[in-house]
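The values are calculated or read from the model by the stated rules, or taken from the named source; none is laboratory data. Just so we're clear, the structure is a prediction, and the values are computed from it rather than from any experiment. Cβ: placed from backbone, ideal geometry, glycine included. Neighbour counts: every protein chain shown. Protein only, heavy atoms only, side chains kept; ligands, DNA and RNA dropped before computing areas. Shrake-Rupley method; radii C 1.70, N 1.55, O 1.52, S 1.80 Å.
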Amino acid sequence: MAAPWEDVLLNEPAVREAASVAVDAALLEGVLMRTEGEPNASDVVNYAPFTLLPSAVPSALFEQAYAVQQDFNLLVDAISQNKEFLEHTLASTIKVDDFTARLFRIHMQVLEEGLAQSVFLGINRSDYMFDCGVDGTPALKQIEINTIAASFGGLTSRTAAVHGRVLKVLGKSKEASRLLPNNPSKGLALGIAKAWELYGSQSAVVMFLVEEVQRNIFDQRCVENELWDRNIRVIRKRFRDVFEKGSLDDAKRLYMDGQEVAVVYYREGYVPKNYDRQNWEARLLLERSRAVKCPDIATQLAGTKKVQQELSRPGTLERLLPGHTEAVTRIKATFAGLYSLDTGEEGDKIAAMAIADPDQFVLKPQREGGGNNLYGEELRQVLEKIRDSPERTSYILMDKIKPQPAMNYLLRAHSPLQVSECISELGIFGVYVRQGKEMVMNEAAGHLLRTKAIEHADGGVAAGVAVLDTPYLV
């Protein structure tokens, strides 16, 4: 999967000049993050980390990832509506994982009260790597699907222009013209705007629910600006604002500071540290409201690792998507080997297999946000410690995907310029809107390529490991 710039990597003066141009281009284009020192101030900002050169991606696998995204949108939506499936699948996990258990309890409480929400908005990102099998042929294999706070749709909308500039500086204008246009921020905003419109109140606002620390604000602002351009008002609030000032009226309309909220777009709330007692109360208030939640709690649960593992069991997809034979085939083609660690003979066998050969697997907890997975010796130690404990059921095991590395430069502020051996991960953004039982919108909304040095097993851009990239189709 070599890209046509091996010659550049050996030309140190050309690389230095291109890197200088690249950094200025990133600042000009708005590929920005706040600094670690001042994460809540935009007085001093820096460029988000990115690759010097676009990375090669097999065009057939890129097209396959796009082709299956609408199927994944349908699947996530079907799971979110299937109370029995979620209850059955998460039964072992909620006994040992307090975070998943609390989410599940809110889900059940809202169902018992009766759903006030009638419009449903899903924004997800399905992430893949290119697995080089025994014969060296790359295959598209899904890592996970993110159903809450899937980020970098904004910054990646601006990254291709930076790489286009770099290629031109390096005398590769023809290659620069082959970079694909990509604007997930517009696609995500179209979904939010559709949900806002179907909610049916011109004066209602869209609320971005944001974290206390907001280093990645510009990524969100890209989506926000698309909404302002459509004359849709956006407010930014935290859980504690909701706890202090949020209220429901008799019709379960949600109000913040006296403003009716049509859509709640979560960029927070996906890990346990996002919650204290007040934040859990705020989450319950939001769930009980008529506002369109992106995601509602059932859709967040649909993105758990345990659900991912259950989907790989024979017959599960067919039950969830009856009559969608071709969609099921396309989805299955992307699955890597997934194994349950539930208590019992099957789980015991799987645990023993992983302990015996830890380098063939990844151990995944029920967590979003990157940097949580376990590999190699660490995987073996953790599994040996929990192999006879019910805690084992809060993890799943997955075959380790083995992509073909390529050389690139990873540009980070205040870091030396050096070539690294890298691997990439491709994400496809999906957006869907359902009103009642009718699917009103179902689209792939753009892509995100992230690249990291091979010594880093796990972690995304926000976790400080991966950097933004642009696919160059080969």
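Data overview
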quantity	calculated
Solvent-accessible heavy-atom area per residue, rounded to whole Å², over the chain at 1.4 Å	41 Å²
Convex hull of the chain built on C-alpha atoms - directionally averaged projected area, nm²	22.4 nm²
Over 21 Å between alpha carbons, listed pairs LYS141/LYS174; LYS349/LYS400; LYS141/LYS437; LYS95/LYS437; LYS293/LYS452; LYS83/LYS293	LYS141/LYS174; LYS141/LYS437; LYS95/LYS437; LYS293/LYS452
Net charge, ALA176 excluded, C-beta distance under 11 Å - Lys, Arg +1, Asp, Glu -1	+4
For segment 81-226, Kirkwood radius (reciprocal of mean inverse C-alpha pair distance, Å)	19.4 Å
With at most 15 other Cβ atoms within 10 Å, longest stretch of the chain clear of loop GluC sites (Glu not before Pro) (DSSP)	213-454
Size of segment 193-249 as Cα extents on the principal axes (Å, biggest first)	32, 31, 13
Positive dipole terminus of the chain, leading residue within VAL57, ALA298, PRO365 (C-beta point charges)	ALA298
Share of carbon and sulfur in the accessible heavy-atom surface of segment 311-356 [1.4 Å probe, %]	55 percent
If the convex hull is drawn through the Cα atoms of segment 338-400, its volume per residue in Å³	71 Å³
Peptide ranges 90-97, 270-277 listed from the most packed, as the mean C-beta count within 10 angstrom indicates	90-97, 270-277
Size of electric dipole in segment 352-474: Cβ of Lys, Arg +1 and of Asp, Glu -1, about Cα centre, debye, nearest 20	260 debye
Cα centroid separation, segment 89-140 to segment 282-347 (Å)	5 Å
